[in-house]
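These notes concern the structure reproduced below.
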Amino acid sequence: MNYDLNQLSKTQQKTSTLTGLKKLLQLIAHEKPTLIIAFFIIITNSALNLLGPLIIGHTIDNYVQHKDFHGLLRNAAILLAMYTAALFTSYKQTTLMGGVGQRMLFTLRNAIFNKLQQLPVAFFNQNKAGDLISRVNNDTDKLNQFFSQSLMQFIGNISTMIGAGIFLLVINFELGAAALSPSLVILFLTLVLSPWIKRKNAANLKSTGGLSAEIQESLGNFKVIIAFNRRDYFRKRFQEANNDNYKTAIGSGLANNVFVPVYGLLASFAQLIVLCFGIHLIRVTTGTNAFTIGALMAYLIYVTNFYNPLRQLAALWANFQTAMAGWDRISQILSLESNLAVLPAGTAENNAGLLEFRHVHFSYDEKREILHDICFKLEQGKTYALVGPTGGGKTTTASLIARLYDPTKGMVLLGGKDIRTFTAEERTRKIGFILQEPFLFTGTVRDNILYGNELYKDHTNEQMEQVIRDANLGTLLAIFEEGLETKVLSGGDSISLGQKQLIAFMRAVLRNPEILILDEATANIDTITERLLSDILDKLPETTTRVIIAHRLNTIENADEIFFVNSGEVIRAGSFNDAMDLLLQGKRVS
Ligand SMILES: Nc1ncnc2c1ncn2[C@@H]1O[C@H](COP(=O)(O)OP(=O)(O)OP(=O)(O)O)[C@@H](O)[C@H]1O
């Protein structure tokens, strides 16, 4: 299954703005009461602002022209009260929507992070961490900016525009229609150019993700870069990514602002129409139908009330398109499903052994099959060794035992049942995997040993030390100067690689798994400590099955059975000497 977010099929990648918006609104469905209150507040705000020009027109015609100072003062007081109320509603709306935006950001980041936790290893093989970080941080923030700052302005501006439009048409239909006609050009341009604007913003977000991936890669590998003096190479790669980001940022900036001058021009044009047509109407109309100077003033203000929000909408529309482009990138993650689904529980087969590979085929991608038609069984309590040349497929075989991947064909059975019927919790309780490159989290040795192990989480350090001694791991813990409280930094740079492997070893053994897989788990450990580990392995419960991958043959001397893994085949090597022969000759015995 393809998990590369930057190579998704066109249909997976492209969602229309409307579908995207609908999905997004589902995410904030629980905010409905707040949104409704905010909506009414904004409508009130627009209504208060829209009544202003009517009162001003009325004041000019009835009080200013007749020099009625009392009437003028009364209307001025009404206007002051209305504008103060508008200020209050505007403030209230900002605080309400700011809260919605932040809560949405919080929910969204949680949703993405939870989804990332559910996705299979293949997803992380195919995507760069930097790009994922950019999606979780940068793209969600674009949505937050739109929801907390722009959405209500958006609604407010639209309602002000609609209100102003209605007033313009009701007071004098012909003049109103003439004043509104330039806005049709804007509507047309908006409809035509929106997909282009969204595309430009999507390209910019993608290149920001690429830039973030580049930074992450060079920071994560700084030792290699310094050791090989490859600073120039990474500087060049960063410059290219930065250059790309710069170009796409210019492109999106241009697209986002392309409307602004056009809006300004059309707004001035509309005012000119109102002025000319209005003066003409004042000249030609008389009596009760007379078009007054007050009406013309009100008209000019309504035209401003109509076109100013329209101009602001240009900027808001760009925010909206950026938010939608960000949302597309986020929903690409949210819509992915793990291909490691749990199947309904079935009945266990008899005589299936503890673990069985039944005609298993596997490939990481469509290009090359790594394992071909593999069949073997592992029995309870036995020790198995996987040996073979580098790149032969040992780690891949072990990864399939632990269900980090599913076979592309065939089946892996655990306790006689399809391994896919076990939940992740059940599976990880039964199978412990010490990876070739153990990863440690920032915290202490204790935090890392207890990672994913709920059993001892409430134990005090003294109780934990006793548990560790009982599991024959006391000598390993003694290697750490401050014992359980020894500090560990993410990536584990504060301790040696061998020490990391010891922590990973303790972590796996304390879970007391039915199958313990050690993938080169002693590769970085001195001979004396290695012997310690070997003793600990010997003292594991008799029922524990051990699967050991090792390049150093002395570590597999005591294995009950040795498998030779090479070129997509896993075959029984027979005795230790046969395995030696196979390794030395690079071929198998028949
Ligand atoms: N994530 C991956 N994506 C694509 N191909 C992979 C991936 N991991 C391993 N491979 C390929 O699969 C083949 C088997 O790799 P594997 O890691 O299983 O070998 P190995 O026997 O464990 O090697 P080593 O002794 O060096 O650890 C190799 O050709 C490797 O290039």
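Below, the figures for the structure above:
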quantity: Charge dipole of the chain about the Cα centre (unit charges at C-beta), most positive-ward option of GLY346, ILE36, ALA177; calculated: ALA177
quantity: Centroid-to-centroid separation of region 74-93 and region 210-257 [C-alpha atoms, Å]; calculated: 51
quantity: Simple label model, 7 Å out from Cα along Cβ direction - LEU334 to ARG572, nm; calculated: 5.4
quantity: Estimated dipole of region 16-334 in Debye, rounded to 20 [Cβ of Lys and Arg +1, of Asp and Glu -1, Cα centre]; calculated: 980
quantity: Amide H within-cut-off set for LEU355, under 5 Å, with H built and near neighbours excluded; calculated: LEU378, GLY415
quantity: Given charges at beta-carbon only (K, R positive; D, E negative), |dipole| of the chain in Debye; calculated: 2220
quantity: At R0 = 22 Å, FRET efficiency that the Cβ-Cβ distance of PHE40 and PHE88 yields, to 0.05; calculated: 0.95
quantity: Within straight-line cross-link reach of LYS539, lysines at Cα separation under 17 Å, skipping those fewer than 8 residues along the same chain; calculated: LYS382
quantity: Long-range amide H partners of THR383 with built H, under 5 Å; calculated: ARG546, ASP560, GLU561
quantity: Gained length - LYS539 relative to ASP526, 0.36 nm times residue gap less alpha-carbon distance; calculated: 2.7 nm
quantity: Gain upon complete extension [ILE166, GLU349; 0.36 nm per residue less C-alpha separation]; calculated: 58.3 nm
quantity: Paramagnetic reach from ASN472 in region 362-383 [backbone N under 13 Å; point 7 Å along Cα→Cβ]; calculated: none
quantity: Percent antiparallel among DSSP beta bridges (both partners in the chain, rounded to 5); calculated: 55
quantity: Label point 7 Å beyond Cα of THR107 along Cβ direction - residues of region 301-337 with amide nitrogen under 20 Å; calculated: 320, 323-336
quantity: Span from the region 101-118 Cα centroid across to the region 305-352 one, whole angstrom; calculated: 11
quantity: Of LYS200/LYS409; LYS206/LYS394; LYS23/LYS236; LYS92/LYS206; LYS23/LYS92, those spanning more than 31 Å from alpha-carbon to alpha-carbon; calculated: LYS200/LYS409; LYS206/LYS394; LYS23/LYS236; LYS92/LYS206
quantity: ASN257/TYR451 FRET efficiency (R0 41 Å; Cβ-Cβ; nearest 0.05); calculated: 0.25
quantity: Cβ-based charge dipole, the chain, positive-most Cα from ASN319, GLN145, PHE306; calculated: PHE306
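Read-outs throughout are calculated quantities, based only on the coordinates presented, and are distinct from any laboratory measurement. Predicted model, so just to flag it, every value in this text is computed and none were measured. Note that we place each Cβ from the backbone using ideal geometry, even for glycine, and neighbour counts take in every protein chain shown.
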